[in-house]
Amino acid sequence: MSELTGKTALITGSTTGIGRATAYALAARGANVVVTGRDAQRGQEVVQKIQAEGGSARFAAADLTNPDDVARLAREAGEVDVLVNNAGVGSFGPSADITGEQYDAMLDANVRAVYQLTTALAPKMAERGSGSVINVSSGAAVIGDVNNAVYAATKAAVSSLTRAWAAEYGPSGVRVNAVAPGPSERAIITTNGTA
């Protein structure tokens, strides 16, 4: 029996990249994984791989820039023991060139969806006396770099929310942590505009 047997893990943005790798890792440790993303085909591929390796998973489509979709995802996920807020949107370039649509998408997916899912699911974890929230921030949150102002600001907000939630939910047995990876291969490809 593994440490996550019988536990449910919701991982946003788990159809690709860091989220997909996290889904595989948690499933290998016994978690029932809720795979989320916008691409149903990629989501089913992740689910099928987990199931082929003896794990348990299901797919729930969600566009995290849409608050109604986020609320639906929180309801459909059910009782969640591990929430990994991984999904993110990034648009890079000079600050003056970032459109209102790009700005809104980054704030919606990278901050509001994280807030909305955590405040829907963490209080229930606290009532049960256990759970874990893992927020994927970024090294960009603490490094001022060119052509990255809005994305970096959203990830700094995630880091700040993490500290506040650790203080709020920690006394009830809920661990709240952030990880801050550097650039990944997918992020580099997207930045260069080739994916």
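Using the alpha carbons alone, the radius of gyration of the range 8-191 stands to its Kirkwood radius in an Rg to Rh ratio of 0.96.
By DSSP, the beta bridges lying fully in the range 8-191 are antiparallel in about 0 percent of cases.
Relative to the dominant Cα principal axis of the chain, helix 149-169 is inclined by about 30°. Think of each Lys and Arg Cβ as +1 and each Asp and Glu Cβ as -1; about the Cα centre, that makes the dipole of the range 1-160 roughly 440 debye.
Estimated purely from DSSP H runs of n ≥ 4, each contributing -39500 (n - 2.57), the mean residue ellipticity at 222 nm for the chain is -14000 deg cm²/dmol once divided by its residues. Computed from Cα positions, the angle between helix 67-77 and the longest principal axis of the chain comes to roughly 20 degrees.
The modelled label-to-label distance between Val146 and Glu127, using points 7 Å beyond Cα along the C-beta direction, is 5.2 nm. For Lys124, the aspartates and glutamates whose Cα comes closer than 16 Å to its Cα, not counting residues fewer than 8 places off in the same chain, are Glu76, Glu79, Asp81, Glu168. Normalising the average separation of contacting C-alpha pairs (under 8 angstrom, six or more residues apart) by the number of residues puts the relative contact order of the chain at 18 percent. Cross-link reach is defined here as a Cα-Cα straight distance under 20 Å, omitting same-chain residues fewer than 8 places apart; for Lys49 the lysines meeting it are Lys7. For the range 119-172, the extents of the C-alpha atoms along the principal axes are 44, 17, 12 Å, listed from largest to smallest. When peptides 56-67, 124-135 are ranked by their average number of other Cβ atoms within 10 Å per residue, the highest-first order is 56-67, 124-135. Ranking of Lys155, Lys7 by neighbouring Cβ atoms within 10 Å, starting from the fewest: Lys7, Lys155. Comparing Cα centroids, the range 1-56 and the range 73-96 end up 15 angstrom apart.
Values quoted throughout were computed directly from the atomic coordinates according to the rules given, and no laboratory measurement underlies them. Everything numeric in this text was worked out from a predicted model, so none of it was measured. For neighbour counting, all protein chains shown are included, and Cβ atoms are generated from backbone atoms with ideal geometry for every residue, glycine included.
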